[in-house]
1. Quick check on packing: order 268-278, 122-132, 154-164 by the mean number of other C-beta atoms within 10 Å, highest mean leading.
2. What are the aspartates and glutamates whose alpha-carbon lies under 20 Å from the alpha-carbon of Lys69, with same-chain residues fewer than 8 places away excluded?
3. What figure, in Å² to the nearest 10, do you get for the accessible area of Val265 with a 1.4 Å probe and non-protein molecules left out?
4. Please report how far the C-alpha centroid of segment 61-86 lies from that of segment 326-365, rounded to the nearest whole angstrom.
5. Please give the solvent-accessible surface of Tyr286 in Å², to the nearest 10, using a probe radius of 1.4 Å with every protein chain present.
6. Taking the Cα centre of the chain as origin and charging only Cβ (+1 Lys, Arg; -1 Asp, Glu), how large is the dipole, in debye to the nearest 20?
7. Could you work out the Kirkwood radius for segment 109-174, taking every pair of different alpha carbons, averaging 1/r and inverting it, reported in Å?
8. What share of Cα pairs, in percent, lie more than 24 angstrom apart in segment 166-261?
Amino acid sequence: MRWDLFCAVVDNLGDIGVCWRLARQLAAEHAADVRLWVDDLATFRRLAPMLDADATVQRLGDIEVHAWKMPYPPAEPADIVVETFGCELPAAYVEAMAKRARASVWINLEYLSAESWVDGCHGLPSPHPRLPLIKYFFFPGFTANTGGVLIERGLSQRRQTFQRDTARMRQFLDGLGVRAETQGEILVSLFCYPHAPLMALLEAWAAGSQPIRAISFGGTPGAQALGAFGLGGGRRRGALAGEILPFLAEDDYDRVLWACDWNFVRGEDSFVRAQLAARPLVWQAYPQAGNAHGIKLQVFLDRYSGSGDLPRSLDPLWRSWNGLTPVQGLPGAWAECMENRGRFETAAGQWPAHLEALGDLAGNLAQFCAERV
């Protein structure tokens with residue numbers, strides 16, 4: 001079956017991060033012949049270093065990558081067409097979809113949300129006002145009435161094998177240049193948006209009693225903050241040491257999440273991957289008008305915390321990290337989470353099984369489309 005995936009890069013790395021994972025999984029596990037159309041190959045190249053950002057068409061593994069430029073060149077539409085996150089398909093392409101002997105199955109892959117209204121909207125059809133086409137809304141989510149999240153086959157087993165093999169984990173970190181943790185030190189990854197209260201967090205970590213080695217990635221706000229704080233290269237300030245790594249491809253970033261004790265993540269792609277890492281996490285939601293991100297954050301927290309009967313100390317930490325409560329509460333919230341570390345680790349270890357029980361998004365999407373093609 002031929003698939004066309006369209007990605008307009010808005011949130012820098014989140015949109016293309018999800019699309020790249022989805023394309024690879026559809027090809028590897030569902031025998032899909034995938035063309036991936038991307039309007040910003042330079043950003044895409046940060047996740048896929050082998051990509052030629054100047055090429056109009058190129059092949060990356062099983063995926064045919066096209067630069068999505070305007071005017072849009074004539075192209076035969078695929079059997080299944082996925083517009084991701086509300087990006088608008090080229091008008092000429094939509095017209096061509098309608099002229100096929102059998103119209104393409106048209107999917108709008110929506111943003112991830114734990115809100116309850118998603119259950120009622122997942123899979124709904126939207127007939128085109130003029131053409132004989134139907135667009136279906138496909139929602140990722142956290143219940144059986146949604147499309148679930150992206151989980152590759154065997155991911156959990158690979159992650160568990162890696163986490164049980166401490167020598168292999170250390171070898172991987174050595175290869176990245178991360179120094180060995182000192183006695184009692186925990187490893188924390190840091191990936192966030194620029195408006196996160198980074199300096200308040202670093203001050204709290206440096207002044208705290210818990211030794212921490214923070215890892216961040218070149219060109220990101222976390223790395224810039226570590227540098228401004230006089231860290232990076234293993235240098236220490238109080239209880240905090242810092243390591244700045246190059247920006248990593250997706251598979252290596254996954255292993256960093258698996259290796260760390262806590263992960264600070266943002267947006268959608270790294271948020272899901274941190275959940276699948278089975279480690280405690282702190283999420284920075286993509287900021288939205290009208291405090292919509294605050295609502296999304298709270299409903300997810302309620303699901304996540306409720307599943308493991310967790311202490312409520314995660315709420316103030318996440319809310320202050322997201323600017324929903326005064327930043328002055330951040331140090332105390334982090335200290336409370338450290339006091340309850342064991343309970344958060346247990347709950348984080350159990351959460352991936354809940355996600356896997358929903359079926360993975362690529363498989364659910366392939367089945368949904370197969371029933372309509």
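The values are calculated or read from the model by the stated rules, or taken from the named source; none is laboratory data. All values reported here derive from a predicted model rather than from experimental measurement. Because the Cβ atoms are built from the backbone with ideal geometry, glycine has one as well, and the counts that use them run over all protein chains shown. Side chains included, ligands, DNA and RNA excluded: accessible areas come from the protein's heavy atoms. Shrake-Rupley method; radii C 1.70, N 1.55, O 1.52, S 1.80 Å.
1. 268-278, 154-164, 122-132
2. The reachable aspartates and glutamates, counting only those whose Cα sits under 20 Å from Lys69, are Asp4, Asp11, Asp15, Asp39, Asp40, Asp52, Asp54, Glu83, Glu88, Glu95.
3. 0 Å²
4. Rounded to whole Å, the Cα centres lie 35 Å apart.
5. We get 100 Å² for Tyr286.
6. Result for the chain is approximately 380 debye, rounded to the nearest 20.
7. Across segment 109-174, the inverse of the average 1/r is 15.0 Å.
8. Values: 620 of 4560 pairs.
Every Cα pair in segment 166-261 considered, those over 24 Å come to 14 percent.
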